[in-house]
Amino acid sequence: MNGREIIRRCGLLAQQTEEPGHITRTYLSPPMHEVHRLVRSWMTDAGLTTHVDAVGNLRGVLGDGPRLMIASHLDTVPHAGAFDGILGVMIAIALAEQRPPCAIEVAAFAEEEGVRFGVPFIGSRALVGDPVMDDGVLAAISHFGLDPARIPEAILDPAVKGYLEFHIEQGPVLETLGMPVGVVEAIVGISRWELRFEGKANHAGTTPMNMRRDALACAAEWVGLVEHVAQTTEGLVATVGKIEARPGAGNVIPGVVICSLDVRHALDEVRERALNVLLDGAEHIARGRELSVAGESRLEQPAVALEFEVVEEAVQSAGFPVHRMVSGAGHDAMILARKVPAAMLFVRSPGGISHHPDESVLAEDVDAALAVGAQVLRAWGPE
Ligand code: GLV
Ligand code: MN
Ligand code: MN
């Protein structure tokens, strides 16, 4: 399987969606059944022995003895592109097809984005003995036809000695440098929270402005603070990507607003400090308007250093220039790094576009990633 065929298969999987006309495929949503069927058949054709674990990860093993896990994810954000996650799974299968000199396990994680339950990495966390056990997740697992009682069996096999993930860069750096691939040396730390602002719903036409406790106006003031803190803190990014106003009618003052918050930085202490400023700021703004606010953490993921030497040497051996970079996006590699040495290779993202339908990748860059992958596997194989 070459770059062109990999891109064709990513396109086929993109047709499996919850929303016609868009690519939206959240954790264990109905289209995931057909995705499993397709990917499983490709894994089997590549010689892998497959099974679906109890959180919905599709896993396939080839060969005996110490193995390298090569993986990425199958779920998407709403209105996604066709390559985030999926490309890495297709590259892993293509490498299996080449009969590598060492045993490998390919994992296609069921969940990385955190869209359905607000908690990311549901797939990979089960492998490191830290499964997400909230009631909604367990119900989704049963509804999909899997058995939550078997989640402990999803744990990483002790034969897995390392982890490798291929992923689109999702940013403009490699394109700007004119390079097909990049070596990831670290992944930023990420905090994800949900905040609930509570005021009082009332009639939009009859309630004087000075008698309102508008939860959305309050949240809006806080969103301004989120942007300001991120803009004035070197290297910090902070995003409110989801807002739900209740009861949600044009003629009702919003009584409750639920907001997401995503804060990232390469240095954990900077992220933690900024998060505290934002949580205290929410309290302060809410109190000033006679509202209340409550926050709940969904993810506290420290920054992670990756193994980069083996990938760097592979890039060199494959004849490509080396560029080391820090990932601003979260990846399953940061979860697997808790248990085994983990490495990542980025593939150039044309236009730096991702989490958007225009996301793309060049066939020749995927071929470059395959060549680097083959070199990594050679280095891993018997001397
Ligand atoms: C995953 O795409 C993330 O960085 O949130
Ligand atoms: Mn993503
Ligand atoms: Mn991804």
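Filtering the range 295-323 to residues that are closer than 30 Å to E198 by Cβ, out of contact with any Ser or Thr (no Cβ under 7 Å at 6 or more places or on another chain) and open to solvent by 60 Å² or more (accessible area, probe 1.4 Å) leaves only E296.
Touching a residue at least 12 places away in the same chain (Cβ under 8 Å) and in contact with a Lys or Arg (Cβ under 8 Å, 6 or more places away or on another chain), is that true of R298?
Values: touching a residue at least 12 places away in the same chain (Cβ under 8 Å): yes; in contact with a Lys or Arg (Cβ under 8 Å, 6 or more places away or on another chain): yes.
Judged against the criteria, R298 is a match.
For the range 305-334, how many residues meet the condition of being under 23 Å from the mean Cα position of the chain (by Cα) and in a loop (DSSP other than H, G, I, E, B)?
Of all residues in the range 305-334, those under 23 Å from the mean Cα position of the chain (by Cα) come to 305-308, 311, 323-334.
After this cut, where a residue has to be in a loop (DSSP other than H, G, I, E, B) as well, the list is 306-308, 323, 328-332.
Of the residues in that region, 9 qualify.
Within the range 345-381, the set of residues being more than 16 Å from ligand 3 (Cβ to nearest atom) and in contact with a Lys or Arg (Cβ under 8 Å, 6 or more places away or on another chain) comprises L362, A363, D365.
Checking each residue in the range 147-183 for being part of a loop (DSSP other than H, G, I, E, B) and surrounded by fewer than 19 Cβ atoms within 10 Å (Cβ to Cβ) picks out D147, I155, D157, P158, A159, P172, G178.
May I ask you to say which residue of A333, A342, A314 is under 24 Å from V119 (Cβ atoms), away from ligand 3 (no atom under 14 Å from the Cβ) and in contact (Cβ under 8 Å) with a residue 60 or more places away in the chain?
On the way: A333 fails: away from ligand 3 (no atom under 14 Å from the Cβ); A314 fails: under 24 Å from V119 (Cβ atoms).
Step by step, each of A333, A342, A314 is checked, and only A342 is under 24 Å from V119 (Cβ atoms), away from ligand 3 (no atom under 14 Å from the Cβ) and in contact (Cβ under 8 Å) with a residue 60 or more places away in the chain.
Scoring I335 on the criteria (1) crowded, with 20+ Cβ neighbours inside 10 Å; (2) under 17 Å from G182 (Cβ atoms) leaves a single failure, condition (2).
The values are calculated or read from the model by the stated rules, or taken from the named source; none is laboratory data. Treat the numbers as computed from the prediction; the structure is a model and nothing was measured. Using ideal geometry, Cβ is built from the backbone for each residue, glycine included, and neighbour counts are taken over all protein chains shown. The accessibility values were calculated without ligands, DNA or RNA, using every heavy atom of the protein model including side chains. Shrake-Rupley method; radii C 1.70, N 1.55, O 1.52, S 1.80 Å.
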